Amino acid sequence: MEVIAQKRDVQGKGASRRLRRSGKTPGVIYGGDKPAVNIELDHNALYHALKRESFHASVLSLSVDGVKEAVLLRDFVMHPFRVEVQHVDFQRVDKTHKIHVSIPLHFINEDVAPGVKLSGGNVSHIMTELDVSCLVDNLPEFIEVDLSALAAGHSIHVSELKLPAGVEAVAAHKGEDPAVATIVVPRGAATEETAA
């Protein structure tokens, strides 16, 4: 995905306010062996891009005055009540170094899971994204979580996820194995099942 930006020379609250009034969003690019650069982006294009899941978990091609750099979206600030992106941060990426990034989880086969189909349970998504470490070229857009074998009262843990080649979960690297999803049977349904 390509993002278009221009260098921003003026700084400060007043300058940022004027920039926002003119339909632009202030931002910054940092990281790598280059100094941080203040930039400005078209607000509407940025706002619509932020609605796409892939914009948050993909390597972006940021073109600043025609010069392209590979970056990751690292942070953005929304106005407390207006539909307005107030600031955005991008980090340069180096293809030879591993990056840490949060990848969205896509849950599949919830409706055929034994805990839902046979026991009337509800899937509880404990995690909606997973912190991973990988090289830029191995970065997945999302990670699938297959719930087709999940029974009531059981959970799927990070260690059970099928991660793409070259991608490792940060939690597993730390020796942790948190639950990703579980199936919980509502109290009323559990009582009916026991009575039957």
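Annotation for HIS48 and SER102: the two label points, set 7 Å from Cα along the Cα-Cβ direction, are 2.6 nm apart.
Calculated accessible area for the chain comes out at 57 Å² per residue, all protein chains present (probe 1.4 Å; ligands, DNA, RNA ignored).
Would you please classify the overall shape of segment 71-134 from the alpha carbon gyration tensor, given that a ≥ b ≥ c denote the square roots of the eigenvalues, rounded means a/c under 1.5, and beyond that prolate means a/b larger than b/c while oblate covers the rest? In terms of gyration-tensor shape, oblate.
When VAL185, VAL64 are compared by accessible area at a 1.4 angstrom probe, the order from most to least is VAL185, VAL64. This model, with +1 at the C-beta of Lys and Arg and -1 at the C-beta of Asp and Glu, gives segment 96-155 a dipole about its Cα centre of some 180 debye. Extension gain, VAL112-LYS68: 0.36 nm per intervening residue step, less the Cα-Cα distance, totals 11.3 nm. Surface composition of segment 88-151: carbon plus sulfur atoms contribute 47% of the solvent-accessible area (1.4 Å probe, protein chains only, all chains present). Is segment 1-97 rounded, prolate or oblate when judged by the Cα gyration tensor, a ≥ b ≥ c being the square roots of its eigenvalues, rounded requiring a/c under 1.5 and prolate requiring a/b larger than b/c? Oblate shape, in that a/c is at least 1.5 and b/c is the bigger or equal ratio.
Here the gap between SER124 and VAL170, fully extended at 0.36 nm per residue and compared with their Cα-Cα distance, gives a gain of 14.4 nm. Positive-end ranking of ILE29, GLN11, HIS43 along the dipole of the chain, with charges on Cβ about the Cα centre, is headed by GLN11.
What you get for the chain, charging only the Cβ of Lys and Arg (+1) and of Asp and Glu (-1), is a dipole of about 1160 debye around the Cα centre. Computed from label points 7 Å out along Cα-Cβ, the spacing between HIS157 and ASP137 is 3.4 nm.
The value of relative contact order for segment 2-154, using C-alpha pairs under 8 Å at least six residues apart, is 21 percent. Calculated FRET efficiency, GLN6 to VAL77, Cβ-Cβ distance, R0 = 25 Å: about 0.80 to the nearest 0.05.
Oblate is the label for segment 1-48, because a/c, from the alpha-carbon gyration tensor with a ≥ b ≥ c as root eigenvalues, is 1.5 or above and a/b does not exceed b/c.
By DSSP, the beta bridges lying fully in the chain are antiparallel in about 75 percent of cases. Overall, segment 61-131 carries a charge dipole of about 120 debye about its Cα centre when +1 sits on the Cβ of Lys and Arg and -1 on the Cβ of Asp and Glu, all other atoms neutral. Of the two radii for the chain, the radius of gyration is 1.11 times the Kirkwood radius, both from the alpha carbons; that is the Rg over Rh value. Kirkwood-type hydrodynamic radius, segment 67-173: 16.3 Å, calculated from all non-identical alpha-carbon pairs. Just the protein heavy atoms count here, and of the accessible area of segment 1-67 at 1.4 Å, carbon and sulfur take up 50 percent.
Pairs exceeding 31 Å between alpha-carbon atoms, taken from LYS24/LYS68; LYS95/LYS162; LYS7/LYS162; LYS68/LYS162: LYS7/LYS162; LYS68/LYS162.
The values are calculated or read from the model by the stated rules, or taken from the named source; none is laboratory data. Since we're looking at a predicted model, the values are computed, not measured. Please note: Cβ atoms are built from the backbone with ideal geometry, for glycine as well, and neighbour counts cover all protein chains shown. SASA here: full protein model, heavy atoms, side chains in, ligands and nucleic acids out. Shrake-Rupley method; radii C 1.70, N 1.55, O 1.52, S 1.80 Å.
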